[in-house]
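Peer 1: Structure provided below as structure tokens; questions to follow.
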Amino acid sequence: MNHSFQLQVQAIIATSFRQRHFSFSSRYTASRVSFSSFCCGRNSEMEEVKVASDFLVGDPALLEKKIDAIRSGGPQKLQVIADFDATLTKFSVNGTRGQSSHGLLQQGNPEYDAKRQQLYEYYHPLEFSPTIGLEEKTKLMEEWWGKTHALLVEGGLTYESITQSVANANIAFREGVSELLEFLEERDIPVLIFSAGLADIIEEVLRQKLHRSFKNVRIVSNRMVFNDNGSLVSFKGKLIHSLNKNEHALDMAAPVHERFGDLDGPTDDNASLKKRTNVLLLGDHLGDLGMSDGLNYETRISMGFLNHNIENSLSCYREAFDVVFVDSSLTISTIQCFVSLNNITYVEDFWIAYS
């Protein structure tokens, strides 16, 4: 059965010290699950961990230790790093596979749309091939992204086409994303959205789907340069693909509100972001764990969204992420995490609530 559920990480704000505790509450009890049949480079078996069909914590004690460390650091040391496609957005929309920020784009030129689709059909299987080494795969991704960007310029992409593509796209945010971003904005906790897609499209998705901007949100992605007629002429800065999106690319980051014309400046520049050494990382791909590369973090809690290919990937995700969510219909109702009042934060519960 495909359950729809809400992930809640609730922070209780305290003005005085309380006894710390961390509890799991679920409809499932601890169990023993064998992963010996899963393809992950080696056989492994997990014993006595918190397992549900939708929710997995491999090492609750380590997770509790990390939460204590982040709580002690307070919100002034915390930043949130999130992937965009299939992490903040839904993997499945209206019963079909949701589109990515790259995949939704229609240039208004069928010839060039077809050429980009041909590139996708050739390179996408290579991106996830277990037999291709990282160095070779990185070169292939650079080829793919470079050729795709060249086709967008050559095919005469306009910003009007981006606006229309987003309006027609099968893309939606997970429930609760807007509330999460507002929650973090109120507490001056910066959010870095990393994407190998196109920043201009992500900004347009935010505008059309959430209808507002967030002064604490920066986007690290491929940025377009348009001429006065609104036609794409080039791309700005270094190329960001699926295997190199990390904090080494921070010079590509720009606040969302700049395009929207908001007057308030960013809450954090790139130098101050590097001083925020506690990280909550959200991603749906093992490669997303590299988004914090380049940041000399002290503590990182990683949450992995395993949307598909579950049997072949669960063992790897369990080993790699602190928390794994196994459900393509997951909604983020609230991640009110590690909030501080008078520099004291108290995280009370972490649980799954089914809707």
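Peer 1: I'd like to verify a number: residues in region 180-215 that are over 18 Å from Phe305 (Cβ atoms) and open to solvent by 10 Å² or more (accessible area, probe 1.4 Å), how many?
Peer 2: 14
Residues are listed down the side, and each one gets a yes or a no for (1) of a type in the set (A, V, I, L, M, F, W, C); (2) in contact with a His (Cβ under 7 Å, 6 or more places away or on another chain); (3) modelled with pLDDT of 85 or more; (4) assigned to a loop (DSSP other than H, G, I, E, B):
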{"position": "Leu232", "(1), (2), (3), (4)": "yes, no, yes, no"}
{"position": "Ile240", "(1), (2), (3), (4)": "yes, no, yes, yes"}
{"position": "Asn244", "(1), (2), (3), (4)": "no, no, yes, yes"}
{"position": "Leu250", "(1), (2), (3), (4)": "yes, no, no, no"}
{"position": "Arg259", "(1), (2), (3), (4)": "no, no, no, no"}
{"position": "Asp262", "(1), (2), (3), (4)": "no, no, no, yes"}
{"position": "Asp268", "(1), (2), (3), (4)": "no, no, no, yes"}
{"position": "Lys275", "(1), (2), (3), (4)": "no, no, yes, yes"}
{"position": "Leu281", "(1), (2), (3), (4)": "yes, no, yes, no"}
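Peer 1: Could you identify the single residue in Glu182, Glu175, Glu127, Glu135 that is under 20 Å from the mean Cα position of the chain (by Cα), closer than 16 Å to Leu243 by Cα and modelled with pLDDT under 95?
Peer 2: Glu127
Peer 1: Please list, ordered by first then second residue, the pairs with beta carbon atoms under 6 Å, 6 or more apart or interchain, first in region 271-295 and under 14 Å from Asp322 (Cα atoms), second open to solvent by less than 10 Å² (accessible area, probe 1.4 Å) and in a helix (DSSP H, G or I).
Peer 2: Val279/Ser292; Leu281/Ser292
Peer 1: Conditions first: (1) free of Cβ contacts under 8 Å to residues at least 12 places away in the same chain; (2) closer than 27 Å to Gly287 by Cβ. Met141 passes all but one, so which condition is the exception?
Peer 2: With (1) free of Cβ contacts under 8 Å to residues at least 12 places away in the same chain; (2) closer than 27 Å to Gly287 by Cβ applied to Met141, the lone miss is (1).
Peer 1: Out of the residues in region 297-321 that are open to solvent by less than 20 Å² (accessible area, probe 1.4 Å), in a loop (DSSP other than H, G, I, E, B) and in contact with a helix residue (DSSP H, G or I) (Cβ under 9 Å, 6 or more places away or on another chain), state the one that is modelled with the lowest pLDDT.
Peer 2: Leu306
Peer 1: Among the candidates Thr148, Thr131, Thr163, Thr138, which residue alone is polar (S, T, N, Q) and open to solvent by less than 20 Å² (accessible area, probe 1.4 Å)?
Peer 2: Thr148
Peer 1: Based on this model, can you work out whether Ser355 counts as modelled with pLDDT under 90 and more than 21 Å from Phe214 (Cβ to Cβ)?
Peer 2: Yes: the conditions hold for Ser355.
Peer 1: Quick check: anything in region 90-106 over 30 Å from Asn229 (Cα atoms) and of a type in the set (A, V, I, L, M, F, W, C)? Quick ask: steps written out before the conclusion?
Peer 2: Pass one, region 90-106, residues over 30 Å from Asn229 (Cα atoms): 90-98.
Those left that are additionally of a type in the set (A, V, I, L, M, F, W, C): 91, 93.
Yes, region 90-106 contains at least one residue that is over 30 Å from Asn229 (Cα atoms) and of a type in the set (A, V, I, L, M, F, W, C).
Peer 1: Wholly within region 139-220, which helices (runs of 4 or more DSSP H) include no fewer than the required count, namely at least 2 residues that are closer than 26 Å to Lys238 by Cβ?
Peer 2: Hits in region 139-220: 159-168, 199-205.
Peer 1: Same structure, new question: Just wondering, is there one or more residues in region 102-122 that are open to solvent by 40 Å² or more (accessible area, probe 1.4 Å) and at positive phi?
Peer 2: yes
Peer 1: From the list Phe338, Phe325, exactly one residue is within 20 Å of the chain's Cα centre (by Cα), among the aromatic types (Phe, Trp, Tyr) and modelled with pLDDT of 85 or more. Which is it?
Peer 2: Unique residue meeting the criteria: Phe325.
The values are calculated or read from the model by the stated rules, or taken from the named source; none is laboratory data. From a predicted model like this one, the values you see are computed outputs, not experimental measurements. Every residue, glycine among them, receives a Cβ derived from its backbone with ideal geometry; neighbour counts consider all protein chains shown. Areas reflect the complete protein model, heavy atoms only, side chains present, ligands, DNA and RNA absent. Shrake-Rupley method; radii C 1.70, N 1.55, O 1.52, S 1.80 Å.
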